[in-house]
Structures are given as structure tokens and as C-alpha cells.
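The values are calculated or read from the model by the stated rules, or taken from the named source; none is laboratory data. What you see is a predicted model; the values in this text were computed from it and never measured. Here the Cβ positions follow ideal geometry from the backbone for every residue, glycine too, while neighbour counts run over all protein chains shown. Areas reflect the complete protein model, heavy atoms only, side chains present, ligands, DNA and RNA absent. Shrake-Rupley method; radii C 1.70, N 1.55, O 1.52, S 1.80 Å.
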Amino acid sequence: MNAGVTAGERFRSWSDIQANAARAAGGLAACGVGENDCIALMLRNDFATFEVNMAASQLGAYAVPINWHFTPEEAGYILGDCAAKVLVAHTDLLAQIAAGVPEGVRVFAVPTPDEIAAAYNVPADKRAVPAGAERWDDFVAASVPRSAPPAAARGSMIYTSGTTGRPKGVRRQPSSPEQMAAAAQEAATFWGLKADPAIVTLMNGPMYHSAPSAYGNASARLGLHMVLQPRFEAEDMLRLIDRYKISHMHIVPTMFVRLLRLPPEVRQRYDVSSLRFVSHGAAPCAPAVKRQMIDWWGPVINEYYGATETGVVVWHGSEEALRKPGTVGRVVPGGILRIVDEQGRDVKQGEVGEIYVRGPHLSEFTYNNDDAKRQEIALGNLVTVGDIGYLDGDGFLFLCDRKRDMIISGGVNIYPAEIESVLIQMPGVRDCAVFGIPDEEFGEHICAYVEAMAPATLDAAQVRAYLMQHLARYKVPKVVEFSATLPREDSGKIFKRKLRAPYWEKSGRSI
């Protein structure tokens, strides 16, 4: 089979995808899209996902992926903040956010394909292109390929959140040729991705997240054969590995947990001996889970630590994982890591502090329309994303706490401040606190404490129903508790640590 993308029973070669991307770039340029502009995409992993990313790269525009769980309010904020000129969306997702699309954004629809519709139970009426809407494939086919030399590539502008307020777009300067070469070398070293016709990658995570986006686009640049899993399901992943002889993939620890929960007879049904390089990050992985996966799949599992802002800064392979259980690895060549106290002074070996890092090759970034937030996380030329940890005597990094109040559930970043800002507006709510509590499968799940106004009477179902009107479902708390008076610090700020400590103490894990 020629190298390209397999999606369900469909296949499209990279040569066809690249030709479509060139036509798309020509058509978008004729629409007025140029360097530093933004092209938004709300697409599940599909052929068009790569075509849009490649077209944006040729034009020197930013590709801005939008989380496909978002409500009209959430998607509309990103479209407005990045001043998107174009939005490309699957038809069912377009219907989901249509009310939030700002005026002036040119919208292209991609019919939701069979395998995605089946995985997400998309009804037939949500799959068709609405009357009057522009169909992406028709636009591409009618456009003249762009023949000008490619502009300096900007890459993706991924929206991520800190501990306050709305998501922020990580906007980078164009990469130099030297930085692009270093990035290619990093993909080879830390993800195992290189120009090798024997490599077959599996994309099982949504490319609106930074790591799957980087992994998928790196595979595309190298022309590696890629198989798209429409939605992660443990046995289906094993089936795809066996059928297509998958050699490389990116995964998150929640997937490990679900794979290990399969009955032994199911696991033994599929041949996974083709796996050569499995990369994971995005969330803590329990040492026992890592050991069981290495016992099953062999010493092919590699872990990295970094962030949207930094890229890969720390990495280790299977042998080190077994020798140093719980580590996330050592600093990669060219990377910088410091662990400091509250005064910004380096802590001693083994002491816990805030982690500041700099990746080895990424171009400089700021937060779109919010450079002040970028400066807030800086320490010289290093940045922090709020993680707390320590280095052992051999230079291995161990994480002790999550990103301040941020919750990581199944590899997805969830920001309490965003949920609190919605919940506090609910009629009858005096105050609230949202935080993460332990979850065996997902690492953490969301807990909300609510202080109600007298004489209001609220219950958990009402709170969840209210939040579902404004937020994606995965941001809605699994646990809702009520308190007559929430504990507060002297400053009046709610003392979240007192609320969440009992949950973590029961689990035997630190907070």
C-alpha cells in the first residue's frame, strides 16, 4: 500500500493530501488568508485535518484546532480571540457550535465520515452539509494550487489555560531552518519518528491537543503511513495494531489502564509484536501500570514530560522506568530545568520546588493577545506551567503535585477557575471551589464544593445541569458537595487544600 492515511475503510495517499493542501492554500490565499492569519479547524482526526494544517503551513498562517467537545460559547471565544478568518468543521460539530461562530468567519463543512459517525453515534441529519454551506472538498477541487514558495511556517496555535480565566493561545514565532532540523531530530529520538517506510503509526488521540497534533503532523511531514482510530476503545486498538502491524504510536496512561483491564483471553487474541516505539505523556503514569505494560508489550514504552509552551524537556525509556519507578525522566540534550523555591532560588537535590524549564529548540512564544500572562510564568529565559517536583541524585525528575489547581483527567487539562467562573453565576450559589480528587482510571476527576445562598436549596443534579449549559461535558464535576460555610484563608480566599486533602489522604497519594 502507498504511504498515506487509513481511516476506517477509506484511504488517501499523502500525495493526494498534499495536492489538496496546495489547492486549499491557493483558494484560501484568494480569500485573503496570509501570513500570521488564523485558520480554525474543529475536526476529528480525518483527511481534512492534515489538508488544513498543510495549507496553513504553506501560507504562513496559524492552524488553530478547537476542542470538539466545546459549546458555542467556548468555541466562539477562541474564534474571536484568534480573529479566525476561516473555520473548517465536520458537519455534526458545526451544528454543535453554529450559534457561537462570529460574523465574518468563512465556514467550510466536511461531511462526517462513516467510521466517525459510528464511533460517536452521529445521526444522519447531522452528517449532511447544510443547505447554503460551503463544502470543503468542493472548495478545494475548484481552487488553483498555490505555486509561490512556502512562507515561514508558524505551526499550530494551541489554546491552553493557566490557573485563571479563559484559554490562551500559544503563539510562536516562525521556526528557523536550524530549529526545524532540531525538531525533526527530536521526533526521531524521543518519538522514534523518522523517514522509514516500515513505520506505521496509529493516531488514537484528538489532534486538538498539542502532543497528538505535534505527533500527527510530524508523521505527515515524514510521509509515514498512518492509521486513524476514530475513538479510543481498548480492544479496537489491539485489533488495529494486529491488522495494520502498527509500529509507533502516542498514548496516554488512561489508555494503559483500560488496556490492562481487558480479560487475558482478549489481550492474547491480538498480536502486538509489531510495536517498536510507544510514546506517552500528558498525565502521571502509576509505576505499577508502567511495569505491567512493559511486561506485556516489551521495552518499547517511552515517556516524556513537557507542555504546549515548552515541547519535550524531559524523557526516559523503559529500562530507566523500571530502574527509577515513578520518574518522568532526565532533561534532554539542550533542555534546561531548574527547581526553585517561592523566592526563585534553586532548591537542594531532593527538595521539592516549582519546575522551570526551557525546551531545546522551539521558537519563542507569547500568549495571543496576552503577553502579560507570558511574562508572569517566566524566570529569566525559563518558564513554568506550575508543576512541583524534585530531582534525585542521578538527575531524574519526579513530579509531586499537579499544576497548582489544574486537574489532569485522562490526559486532558481541566482548569478549575474556568468552571468556578461559570458556577458562581448560577442563581442560589454564594461561593464555590473546584478541584481534582483521585480517580483510579483517569488519575483525577472533578469535585465541586458549593456554598448556597439562604434560602436557596440546590442539589447536585441542578448544579451539573447548569454547568452543562455552558461547558463541555468533561468539565462538569463528577462529585458535587455542599457546605454551609467554605473554609477560608485570612485573605478571604477559599482554602481548597482543606477541602481536597481528605480525598488524597484516603488514596495514599500526595496533593
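At-a-glance table
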{"read-out": "Every residue from the range 478-505 that is among the basic types (Lys, Arg), open to solvent by 100 Å² or more (accessible area, probe 1.4 Å) and at pLDDT below 90", "value": "493, 497, 498"}
{"read-out": "Condition check for residue 51: touching a residue at least 60 places away in the same chain (Cβ under 8 Å) and either touching a strand residue (DSSP E or B) at 6+ places or on another chain (Cβ under 7 Å) or more than 21 Å from residue 135 (Cβ to Cβ) (or both)", "value": "no"}
{"read-out": "The listed residue being free of Cβ contacts under 8 Å to residues at least 60 places away in the same chain, outside any strand (DSSP E or B) and on the phi < 0 side of the Ramachandran plot, out of 149, 145, 197", "value": "149"}
{"read-out": "Top-ranked residue of the range 82-95 - restricted to ones that are part of a loop (DSSP other than H, G, I, E, B) and of a type in the set (Gly, Ala, Ser), ranked as most open to solvent (accessible area, probe 1.4 Å)", "value": "83"}
{"read-out": "Pair list, Cβ < 6 Å and 6+ apart or interchain, from the range 455-475 residues that are more than 16 Å from residue 432 (Cβ to Cβ) and in contact (Cβ under 8 Å) with a residue 40 or more places away in the chain to residues that are open to solvent by less than 70 Å² (accessible area, probe 1.4 Å) and in a loop (DSSP other than H, G, I, E, B)", "value": "472/70"}
{"read-out": "Residue 79 being part of a helix (DSSP H, G or I) and touching a residue at least 40 places away in the same chain (Cβ under 8 Å)", "value": "no"}
{"read-out": "Check on residue 122, open to solvent by 30 Å² or more (accessible area, probe 1.4 Å), in a loop (DSSP other than H, G, I, E, B) and under 17 Å from residue 48 (Cβ atoms)", "value": "no"}
{"read-out": "Some residue of the range 347-366 being assigned to a loop (DSSP other than H, G, I, E, B), among the polar types (S, T, N, Q) and touching a residue at least 60 places away in the same chain (Cβ under 8 Å)", "value": "yes"}
{"read-out": "Test: residue 345 is within 19 Å of residue 314 (Cα to Cα) and open to solvent by 30 Å² or more (accessible area, probe 1.4 Å)", "value": "no"}
{"read-out": "Answer residue from the range 276-296, given it is out of contact with any helix residue (DSSP H, G or I) (no Cβ under 9 Å at 6 or more places or on another chain) and more than 18 Å from residue 211 (Cβ to Cβ) and is least open to solvent (accessible area, probe 1.4 Å) among those", "value": "288"}
{"read-out": "Subset of the range 378-396 [outside any strand (DSSP E or B) and more than 20 Å from the chain's Cα centre (by Cα)]", "value": "380, 381, 392, 393, 394, 395, 396"}
{"read-out": "Test for residue 318: is it of a type in the set (Ser, Thr, Tyr), buried (at least 17 other Cβ atoms within 10 Å of the Cβ) and free of Cβ contacts under 8 Å to residues at least 60 places away in the same chain", "value": "yes"}
{"read-out": "Whichever residue in the range 436-459 is farther than 30 Å from residue 252 by Cα and surrounded by 15 or more Cβ atoms within 10 Å (Cβ to Cβ) and, among such residues, is nearest to the chain's Cα centre (by Cα)", "value": "450"}
{"read-out": "Tally, over the range 421-447, of residues that are of a type outside the set (Val, Ile, Thr), touching a strand residue (DSSP E or B) at 6+ places or on another chain (Cβ under 8 Å), over 19 Å from residue 326 (Cα atoms) and at pLDDT 85 or above", "value": "8"}
{"read-out": "Qualifying residues in the range 367-377 (those that are not in a strand (DSSP E or B) and not polar (S, T, N, Q)) - the one surrounded by the fewest Cβ atoms within 10 Å (Cβ to Cβ)", "value": "372"}
{"read-out": "Complete set of residues in the range 294-331 that are over 15 Å from residue 355 (Cα atoms) and touching a Leu at 6+ places or on another chain (Cβ under 7 Å)", "value": "294, 297, 300"}
{"read-out": "Lone qualifier among 187, 195 - being open to solvent by 60 Å² or more (accessible area, probe 1.4 Å), farther than 25 Å from residue 90 by Cβ and either small (Gly, Ala, Ser) or in contact with a helix residue (DSSP H, G or I) (Cβ under 9 Å, 6 or more places away or on another chain) (or both)", "value": "195"}
{"read-out": "Segments classed as strands (runs of 3 or more DSSP E), wholly inside the range 1-64, with at least 1 members that are within 21 Å of residue 91 (Cβ to Cβ) and either open to solvent by less than 10 Å² (accessible area, probe 1.4 Å) or β-branched (Val, Ile, Thr) (or both)", "value": "4-7, 38-42"}
{"read-out": "Residue check for residue 99: touching a Gly at 6+ places or on another chain (Cβ under 9 Å), buried (at least 18 other Cβ atoms within 10 Å of the Cβ) and within 27 Å of residue 231 (Cα to Cα)", "value": "no"}
{"read-out": "Spans of helices (runs of 4 or more DSSP H) in the range 410-511 with at least 3 residues within 30 Å of residue 288 (Cα to Cα)", "value": "496-507"}
